[in-house]
1. Consider Ile280 carefully, then state whether it is touching a strand residue (DSSP E or B) at 6+ places or on another chain (Cβ under 9 Å), within 20 Å of Ser358 (Cα to Cα) and not polar (S, T, N, Q).
2. If Leu210 satisfies all but one of (1) surrounded by fewer than 17 Cβ atoms within 10 Å (Cβ to Cβ); (2) more than 17 Å from the chain's Cα centre (by Cα); (3) assigned by TED's automatic domain parsing to the domain that holds Asn315, what's the number of the condition it fails?
3. Which residues, taken from the range 219-262, are under 14 Å from Ile322 (Cα atoms) and among the charged types (D, E, K, R)?
4. Before we move on, is Ala207 closer than 24 Å to Thr324 by Cα and without any contact (Cβ under 8 Å) to a residue 60 or more places away in the chain?
5. Can you list residue pairs whose Cβ atoms sit under 7 Å apart, with the first residue in the range 433-453 being in the same structural domain as Thr246 (by TED's automatic domain parsing) and the second being modelled with pLDDT under 80? Count only pairs 6 or more apart in sequence or on different chains.
6. Given the options Asn312, Asn274, Asn317, name the one that is polar (S, T, N, Q), closer than 29 Å to Ile422 by Cα and more than 25 Å from the chain's Cα centre (by Cα).
7. Where residues in the range 363-380 are in contact (Cβ under 8 Å) with a residue 60 or more places away in the chain and out of contact with any Leu (no Cβ under 9 Å at 6 or more places or on another chain), which of them is surrounded by the fewest Cβ atoms within 10 Å (Cβ to Cβ)?
Amino acid sequence: MKKYLFLLVGLGILLNSCNSDDDANVPTDIVVQNFMWRAMNLWYFWQGEVPNLADNRFSSDSEYTEFLQGTPDPLDFYNGIQFTEDRFSFSNEDYTTLVNGLNGISKSNGLEFGLVSFASGDNVFGYVRYIIPNSDAATKDIQRGDIFTRVDGQQLTAGNFRDLLFGDNDTYSLGLATINGTTITDNDEEVSLTKLEGLTENPILVANTLDIGGAKIGYLMYNGFTRGFDEQLNDAFGQFAADNVTDLVLDMRYNPGGSVNSSRLLASMIYGTNTNDLYIRQRWNAKIQSQFSAAQLEDYFAATTNDGSPINTLNLNRVYVIATNSSASASELVMNGLAPYVQVIHIGETTRGKNEFSITMVDDPDNDYIYSASRENSINPENSWAIQPLVGRNENADGFFDYTDGLVPNIVLEEDFGNLGILGNPAEPLLARALQEITGLISKASFEPLMTGKVLMGTEMFKPGKDNMFLDKPIKLNSK
């Protein structure tokens, strides 16, 4: 594979080849930039659209070196070699932080919230979405639906919320507020929270079987495609099957994505273990697309988990999905991958529109810069940076992939910040609307929200994995 990749790149100068011996001769001030350029030149989805990543961009080693030295800050350099339409590639100066984040491990106080702009002015308020169990927030007097407007006595604004909530301060105090209709009023309550290292979030927040008018309806609140919890996810579906569930409400309203394989397993738990049915097909950049075998490019529905457990499937022909603008990547992939086989009834808002997948890359040229836990001793000890570039798109069995503007709901319903409800409770507004659709029973409650607004972003965007959809199966190119 290495020889073939060298011929594929086809550069006339040694610095641009995939050769670890050349990396050893790179000046120390551009080690990070050299790694970033080489990885992006080979794998980046838009490599052909970025002139500075072209195979013939440099005519000499000195020209290449001068280019790398022209941007001393690695973050600026990485951002500078991305395609203008790329919204989601990112980097981290410590690859261990990034890898842990992709596995659901992060430094956190356990408070999951969204931030919303007031109707006028620059001020911002936060609303609590849920609390991660076994976290610092779980021990404090704060819960879903609480509103906050201040941090350490300062009013939150569009200009300061990043520093106040996501800066270096591990401990901060939130100033709470109350909602009355469409009016938010500060009160005297404060809650102090502390971020702790190593908090692991189980993405399965709620998995209940509801009995509504004699109908058995499964409800799953799933907040991230975290591969370490695939077995627990399968167990949840085993319970749904044992309860004779006939309909499923899949709640991914805050789910930013994660493992492509976990999405395949979830889709199989919903639709079936039909291993001859195509789930998704990968599309890479033009330089390497032909290098992959069909086995690498195509993912079919699964009959077993990675650990070999038989998939517990509901064999449904329709599924009700709660999704919002905070639902991205692997969440959207499940919806798109199921669409050729299952009627997907989408309740909520238009999703974020992230249809590209990525790979974690580190300074390990002998593995073509792809991170592997078994090769950590091979990563350049002088370079701890990792990049998470978009390297391809997934299309479903019908060939559809064009949802960069998001997936549009069948039933539009925004969350009401003044009436968020209890997740999993049949009276929670979005779940209640799904139950109405399933049962045909008309609720006496109005679904029209009183207090809505533009969500600037949620806590998921400040986690190491962000709204990432990543491949987690071995990447194998054809050897020729």
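1. Working: touching a strand residue (DSSP E or B) at 6+ places or on another chain (Cβ under 9 Å): yes; within 20 Å of Ser358 (Cα to Cα): yes; not polar (S, T, N, Q): yes.
Yes: the conditions hold for Ile280.
2. For Leu210, the failing item is (1).
3. Asp247, Asp251, Arg253
4. Values: closer than 24 Å to Thr324 by Cα: yes; without any contact (Cβ under 8 Å) to a residue 60 or more places away in the chain: yes.
Here the answer is yes, as Ala207 does meet what is asked.
5. Going by the 7 Å Cβ cut-off, the qualifying pairs are Arg433/Phe447; Gln436/Ile442; Gln436/Ser443.
6. On the way: Asn312 fails: more than 25 Å from the chain's Cα centre (by Cα); Asn274 fails: closer than 29 Å to Ile422 by Cα.
Criteria check complete, one pass: Asn317.
7. Residues of the range 363-380 that are in contact (Cβ under 8 Å) with a residue 60 or more places away in the chain, as a first pass: 363, 365-366, 368-371, 373, 379-380.
Filter once more, keeping what is out of contact with any Leu (no Cβ under 9 Å at 6 or more places or on another chain): 363, 365-366, 370, 373, 379-380.
Numbers: Asp363: 26, Pro365: 22, Asp366: 12, Ile370: 17, Ala373: 6, Ile379: 19, Asn380: 19.
The residue in question is Ala373.
Yes/no per residue for (1) closer than 21 Å to Glu437 by Cβ; (2) more than 20 Å from the chain's Cα centre (by Cα); (3) modelled with pLDDT of 95 or more:
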residue	(1), (2), (3)
Tyr341	yes, yes, yes
Gly353	no, no, no
Ser358	no, no, no
Met361	no, no, no
Arg375	no, yes, no
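The values are calculated or read from the model by the stated rules, or taken from the named source; none is laboratory data. If you're wondering where the values come from, they're calculated on a predicted model, not measured in any experiment. Heads up, the Cβs are rebuilt from the backbone with ideal geometry, glycines too, and the neighbour counts pull from every protein chain shown.
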